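The values are calculated or read from the model by the stated rules, or taken from the named source; none is laboratory data. Keep in mind that what you see is a predicted model, and the values were worked out from it rather than measured. All Cβ positions, glycine included, derive from the backbone under ideal geometry; neighbour counts span all protein chains shown.
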Amino acid sequence: MLSMVLKRLMLAVPSLIGVVIVTFLLTRALPGDPAAYFAGPAATKEAIEQIRTKLGLDQPLPVQFVGYVKDLARGDMGSALTTGQPVATEIRARLPASAELTLVGLIFSILVAVPLGILAATRPNSLIDHACRIVSTAGVSLPVFFTGLVLVYIFYYLLGYAPAPLGRLDVFYSAPPPVTGFYLIDSIVAGDWEVFTASLKQLVLPALTLGIFSLAPIARMTRASMLAVLASDFVRTARASGLSPFTVIFTYAFRNAMLPVITTLGMVFSFLLGANVLVEKVFAWPGIGSYAVEALIASDFAPVQGFVLTMAVMYVALNLLIDIFYGLIDPRMRIEA
Amino acid sequence: MKRRDFLKTAAAAGAASVLPAPAVWSPAKAQSRQETLLVVSESGPNNVDIHGVGTNVPGYEVSWNCYDRLISHEMKTLPNGVQYYDRDKFKMELAEDMNVGDMSATFKLRKDAKFQDGTPVTAQDVKWSLDRAVTVGGFPTFQMRAGSLEKPEQFVVVDDHTIRVDFIRKDRLTIPDLAVIVPCVINSGLVKKHANDKDPWGMEYTKQNTAGSGAYKLTRWTPGSEVVLERNDAWNLAAQPQIRRIIWRMVPSAGNRRALLERGDADISYELPNKDFVELRDAGKLTVVSTPFSNGTQYIGMNVTKPPFDNLKVRQAVAYAIPYQKIMDAALYGLAKPMFGAPADAPTQVAWPHAHKYNTDIAKAKQLLAEAGYPNGFETTISFDLGFATVNEPLCVLLQESLALIGIKAEINKIPGANWRTELNKKVLPLYTNVFSGWLDYPEYFFIWCYHGRNSIFNTMSYVSPTMDAFIDGAGAAASSGNTVDYERNVKGFVDLAFTDIPRIPLFQPFSNVAMQKNVSGYQYWFHRRLDYRTLVKA
């Protein structure tokens, strides 16, 4: 197991180097001019040139790149111009917000999609199967910002059940002392149930939005994979041996059907992190997605590079985690590794 | 039970039942809404020091409220009841007396003014701050230069409480330029502690911390999501502000900002699309204040250095082809002041912005285009800034339709906000729409930026005319020497010339729109168009 982890980590090094080079070049290839953007509304050409020199953007590209790599080696990702803060600090502060939202969204999605998929597979072409198809198709075809705005409109504006879409906490609460950066966990650690409830309330709508969006791949994959497994010989044997339907479905079929679902979950998680961008905009959620987009709009290089790099590292870690999970679920994987 | 009541009861119950626990364990106190103002806007500051590199406009708002200046402006009441800054009347802020001489102005400082850390405000602090503004480069330095404030030697400490500003030339804009946001007075003792050789002006410190004497201080700032300002109770330059805490949240979605206002959760917001403001105003649940941008217009610009727009008749044809009224109705929902269609016999005013006499007249436009040698029209592009797409996009589509009627086939070129200034700076866009508004509300100030042969970035048309320059320079000189007759002649001269040569076609004066709850009052319109928290009152 350990050697597999090490081997996977080694393999990740070239891709990370590639990411560093490509993001650097891509951000430089953006058409905008950060110096002109940040020179302000009344800037003259000289003012823009002064700012360009201050930002070091008048240096040739290779010099800028060497400087960037040197800083990166020291863990310094540079400073964002849009927010004025060091990128590393910002990402550290914002990543938990995005991760918490994505995880809660994913958990919701799993809780709905997996049972739905299993039910649909055990009763193909029944009412529940069609319902599963409709729900997942509708979920994936509605753009997230639309679902988000509709939910806000109904549950906040019309009904008043949901709290104001003002980010992670209502204005009149302050954040729990940071331990993990996840408000739900931190507030439990602090024993502060009021904040726990408040942050949970804030989470419901955005997590629902994300969850609805990701129902489709999980439900469809569960259904397809369950159907395949249920049609296989060993399930027939189990049934013929007179095992209860519950044992057949959960002990025999579901465990075997889980592998492709886990792979899908990995993919869904990474693509939810991307879909986050729009949800964060709608719910004023202080996550890394909105941070990166704002930076991109302003041609602010450092945060974009930092964001892509963080995402790359997270993908590598996530894939590693999934591989380890495989081993736990399916002993055959362990042997091959 | 409503949520607000619930919060109140919960807070009261919490306070009554629980003994004061260590602060770490009870950070979630629901705070009284009464003394707190919740502001929501699209974007927040990137730097709280207006002298910083690339400080954005929301950053100006923090600076305005957290720092004091030597002088400021009095307010006047507009016919619609809005409090509007009075360009011509100055109010003492940190200064208690201003004595303007022939070639210098002397300011006596208030002796009881203190910075937020308790140290007194001295003339040395004022000099250090003004030196900083003219030295650091970028926007602050250029703004200072607009009022002929260029060198540190101009600022002389007479004694601890007296500072003299020497003029390098006579300029009517010098004193007004001391009342804008840039010449704020910074606690030099505090900032110097955080300065070093690489950063002699302590810019890294002031980027994140306010070091002023102002009525508010920055207590929490999460870039991109929240700014919290607390009242400085020791502030004594005017009546104590009523609002104790400002919570300013960034809500990127305009629809949600509107929902927050309508549900009564947010107290005040601006930067909403015009359509929303009109609907909010008509619904009558909120107070909506619309005020024209001082000294600002949105216009159609044309690059006069290249064909076809180097031809006066082509420019006139465009001016007759613009669907002015449709733009007012469909793109702006009426929330703007028209700058077109003045009666043919209306005399030129000594004022700017000023309505021109062009109207939509397609037949005349066609005829002018034929006379110019383009009977079949030509192809071009209309560019606009996507950052302001809610107005710009419908505007450009209407213009495109109208130009097609006279044979001009225009393609629409949408430019992202980040690139807009770069593109303007290249001065190659043939036809575009843009907004310019000057902080200092003087016609010649606008014209120096936008029409003068110095060709600043805002002379987007690259318009150069010696006659125009003579009028603009003449007006500046006449204003400084107090020669009213000469001044008026020159201003009328450049306004007339701007309309006969028509390198840019003014469309309208945009409105600055603010929506607030009915229990919020005391809004003031300032030249910078941001909020002044000091006078806001929540009933």
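At-a-glance table
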{"item": "Count of segment B:63-86 residues which are touching a Lys or Arg at 6+ places or on another chain (Cβ under 9 Å) and under 27 Å from residue B:155 (Cβ atoms)", "result": "9"}
{"item": "Selected residue [of a type in the set (A, V, I, L, M, F, W, C) and either in a helix (DSSP H, G or I) or at pLDDT 90 or above (or both)] from A:243, A:273", "result": "A:273"}
{"item": "Answer residue from segment B:516-529, given it is assigned to a strand (DSSP E or B) and in contact with an Asp or Glu (Cβ under 8 Å, 6 or more places away or on another chain) and is surrounded by the most Cβ atoms within 10 Å (Cβ to Cβ) among those", "result": "B:516"}
{"item": "Subset tally (residues that are touching a residue at least 60 places away in the same chain (Cβ under 8 Å) and buried (at least 21 other Cβ atoms within 10 Å of the Cβ)) for segment B:259-275", "result": "8"}
{"item": "Residues of segment B:26-39 that turn out to be at pLDDT 85 or above and within 8 Å of chain A (Cβ to nearest Cβ), as a count", "result": "2"}
{"item": "Segment B:410-448, residues that are in a loop (DSSP other than H, G, I, E, B) and more than 11 Å from chain A (Cβ to nearest Cβ)", "result": "B:428, B:429, B:430, B:441, B:442"}
{"item": "Cβ-Cβ under 6 Å pairs, at least 6 apart or on other chains, segment B:423-446 side in contact (Cβ under 8 Å) with a residue 12 or more places away in the chain, far side surrounded by fewer than 22 Cβ atoms within 10 Å (Cβ to Cβ) and of a type in the set (Lys, Arg)", "result": "B:441/B:87"}
{"item": "Residue match in segment B:342-355 (condition: modelled with pLDDT of 90 or more and touching a Leu at 6+ places or on another chain (Cβ under 6 Å))", "result": "no"}
{"item": "Which listed residue, of A:101, A:55, A:95, A:81, is free of Cβ contacts under 8 Å to residues at least 40 places away in the same chain and either among the hydroxyl-bearing types (Ser, Thr, Tyr) or touching a helix residue (DSSP H, G or I) at 6+ places or on another chain (Cβ under 9 Å) (or both)", "result": "A:55"}
{"item": "Selection within segment B:174-212 - β-branched (Val, Ile, Thr), within 30 Å of residue B:444 (Cα to Cα) and within 14 Å of another protein chain (Cβ to nearest Cβ)", "result": "B:180, B:181, B:182"}
{"item": "Hey, residue A:223 within 14 Å of residue A:120 (Cα to Cα) and outside any loop (DSSP other than H, G, I, E, B) or not", "result": "yes"}
{"item": "Candidates A:248, A:282, A:316, filtered to the one that is without any contact (Cβ under 8 Å) to a residue 24 or more places away in the chain, of a type in the set (Val, Ile, Thr) and crowded, with 17+ Cβ neighbours inside 10 Å", "result": "A:248"}
{"item": "Residues satisfying the stated conditions in segment A:206-217, i.e. among the β-branched types (Val, Ile, Thr) and either surrounded by fewer than 20 Cβ atoms within 10 Å (Cβ to Cβ) or modelled with pLDDT of 90 or more (or both)", "result": "A:209"}
{"item": "Answer residue from segment A:295-305, given it is within 8 Å of chain B (Cβ to nearest Cβ) and surrounded by 22 or more Cβ atoms within 10 Å (Cβ to Cβ) and is nearest to residue B:254 (Cα to Cα) among those", "result": "A:298"}
{"item": "Strands (runs of 3 or more DSSP E) fully within segment B:77-131 counting 1 or more residues that are of a type in the set (Gly, Ala, Ser)", "result": "B:95-100, B:104-109"}
{"item": "Residues (buried (at least 17 other Cβ atoms within 10 Å of the Cβ) and within 7 Å of chain B (Cβ to nearest Cβ)) located in segment A:161-174", "result": "A:164, A:165, A:166, A:167, A:171, A:172, A:173"}
{"item": "Close pairs (7 angstrom Cβ cut-off, 6 or more residues apart or separate chains): farther than 21 Å from residue B:326 by Cα in segment B:342-362, at pLDDT 90 or above and acidic (Asp, Glu) anywhere", "result": "B:348/B:496; B:350/B:488"}
{"item": "Residues located in segment B:241-276, provided they are acidic (Asp, Glu) and modelled with pLDDT of 90 or more", "result": "B:262, B:267, B:276"}
{"item": "Those residues of segment B:357-371 which are of a type in the set (S, T, N, Q) and crowded, with 16+ Cβ neighbours inside 10 Å, in sequence order", "result": "B:360, B:367"}
{"item": "Residue satisfying all of: in segment B:389-411; surrounded by fewer than 21 Cβ atoms within 10 Å (Cβ to Cβ) and touching a Gly at 6+ places or on another chain (Cβ under 8 Å); farthest from residue B:332 (Cα to Cα) among these", "result": "B:407"}
{"item": "Those residues of segment B:51-100 which are under 12 Å from residue B:180 (Cβ atoms) and β-branched (Val, Ile, Thr), in sequence order", "result": "B:71"}
{"item": "Every pair of residues 6+ apart whose Cβ atoms lie under 7 Å, when the first sits in segment A:192-205 and is within 13 Å of residue A:174 (Cβ to Cβ) and facing chain B (nearest Cβ under 10 Å) while the second is aliphatic (A, V, I, L, M) and in a helix (DSSP H, G or I)", "result": "A:199/A:184"}
{"item": "Residues of segment A:143-160 that turn out to be closer than 12 Å to residue A:208 by Cβ and more than 7 Å from every other protein chain (Cβ to nearest Cβ), as a count", "result": "7"}
{"item": "Qualifying residue in segment A:180-188 (condition: in contact with a Pro (Cβ under 8 Å, 6 or more places away or on another chain), more than 28 Å from residue A:314 (Cβ to Cβ) and within 11 Å of chain B (Cβ to nearest Cβ))", "result": "no"}
{"item": "Conditions (1) touching an Asp or Glu at 6+ places or on another chain (Cβ under 8 Å); (2) in contact (Cβ under 8 Å) with a residue 12 or more places away in the chain: number failed by residue B:172", "result": "(1)"}
{"item": "Hey, residue A:142 surrounded by fewer than 16 Cβ atoms within 10 Å (Cβ to Cβ), farther than 30 Å from residue B:35 by Cβ and in contact (Cβ under 8 Å) with a residue 60 or more places away in the chain or not", "result": "yes"}
{"item": "From B:373, B:377, residue being touching a strand residue (DSSP E or B) at 6+ places or on another chain (Cβ under 8 Å) and either in a helix (DSSP H, G or I) or on the phi > 0 side of the Ramachandran plot (or both)", "result": "B:377"}
{"item": "Positions within segment B:213-256 being touching a residue at least 40 places away in the same chain (Cβ under 8 Å), facing chain A (nearest Cβ under 9 Å), within 27 Å of residue B:275 (Cβ to Cβ) and not β-branched (Val, Ile, Thr), in sequence order", "result": "B:224, B:225, B:249, B:250, B:252"}
{"item": "Top-ranked residue in segment A:28-62 [being outside any helix (DSSP H, G or I) and facing chain B (nearest Cβ under 7 Å); ranked as modelled with the lowest pLDDT]", "result": "A:42"}
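For (1) of a type in the set (Gly, Ala, Ser); (2) surrounded by 15 or more Cβ atoms within 10 Å (Cβ to Cβ), each residue gets a yes or a no:
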position: A:180; (1), (2): no, no
position: A:193; (1), (2): no, no
position: A:229; (1), (2): no, yes
position: A:236; (1), (2): no, no
position: A:240; (1), (2): yes, no
